[in-house]
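A short worksheet on the structure shown next.
The values are calculated or read from the model by the stated rules, or taken from the named source; none is laboratory data. On a predicted model such as this, the values are computed, not experimentally measured, just so you know. Backbone-built Cβ (ideal geometry, glycine too); neighbour counts: all protein chains shown.
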Amino acid sequence: MKIAVSSTGKDLGSEVSQVFGRCPYFIVAETDMKNKKILKFEAIENESAEQKGGAGISAAQKVAETGADAVITGNAGPRALEVLKQFGIGVYAAKGTVKEALQKFMDDRLEEVKK
């Protein structure tokens with residue numbers, strides 16, 4: 001399963017960004033859900049962060065292009081959530097490091113954002 005995490009930095013030790021559309025990076029991780037392991041990850045710079053408007057929509061489209069099945073973030077705006085839903089991408093809320101958030105997701109301990 002491919003999971004995109006809004007991040008303050010480029011590695012698994014970075015904090016989950018509490019903003020989606022204007023986060024500095026997305027960590028896109030390939031996970032083995034059966035064995036609950038992170039197989040590989042890459043950091044993608046969020047070019048939408050500097051936009052005057054529509055950053056959430058643009059960031060959601062970029063995440064969808066990565067083939068992500070789910071998104072972990074602190075908070076996503078209503079328009080970003082709508083775009084992610086249109087692509088069939090579930091959104092989950094988390095705090096802490098990217099690695100901790102991914103582990104909680106694999107352990108089914110994150111709540112899906114329904115708004």
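Let's see how each residue does on (1) buried (at least 21 other Cβ atoms within 10 Å of the Cβ); (2) on the phi < 0 side of the Ramachandran plot:
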site	(1), (2)
Ser7	yes, yes
Arg22	no, yes
Asn35	no, yes
Ala76	yes, yes
Gly88	no, no
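Restricting the first member to region 42-55 and to residues that are closer than 17 Å to Gly77 by Cβ, and the second to residues that are among the aromatic types (Phe, Trp, Tyr), the beta-carbon pairs closer than 8 Å and six or more apart or on different chains are Asn46/Tyr25; Asn46/Phe26. Of the residues making up region 78-115, those that are free of Cβ contacts under 8 Å to residues at least 40 places away in the same chain, closer than 17 Å to Lys34 by Cα and part of a loop (DSSP other than H, G, I, E, B) are Asp108, Arg109, Leu110. Among the criteria (1) farther than 15 Å from Ile89 by Cβ; (2) of a type outside the set (Val, Ile, Thr); (3) surrounded by fewer than 21 Cβ atoms within 10 Å (Cβ to Cβ), the one Ala55 does not fulfil is (3). Quick one: would you say Glu65 is closer than 20 Å to Glu111 by Cβ, out of contact with any strand residue (DSSP E or B) (no Cβ under 6 Å at 6 or more places or on another chain), modelled with pLDDT of 95 or more and surrounded by fewer than 18 Cβ atoms within 10 Å (Cβ to Cβ)? For Glu65, the condition - closer than 20 Å to Glu111 by Cβ, out of contact with any strand residue (DSSP E or B) (no Cβ under 6 Å at 6 or more places or on another chain), modelled with pLDDT of 95 or more and surrounded by fewer than 18 Cβ atoms within 10 Å (Cβ to Cβ) - is not met.
Pick from region 37-50 the residues that are under 15 Å from Lys2 (Cβ atoms) and among the charged types (D, E, K, R): which of them is surrounded by the fewest Cβ atoms within 10 Å (Cβ to Cβ)? Checked region 37-50; the qualifying residue surrounded by the fewest Cβ atoms within 10 Å (Cβ to Cβ) is Lys40.
With the condition kept exactly as written, say whether any residue in region 66-77 is among the hydroxyl-bearing types (Ser, Thr, Tyr) and assigned to a loop (DSSP other than H, G, I, E, B). Yes: region 66-77 contains one or more residues that are among the hydroxyl-bearing types (Ser, Thr, Tyr) and assigned to a loop (DSSP other than H, G, I, E, B).
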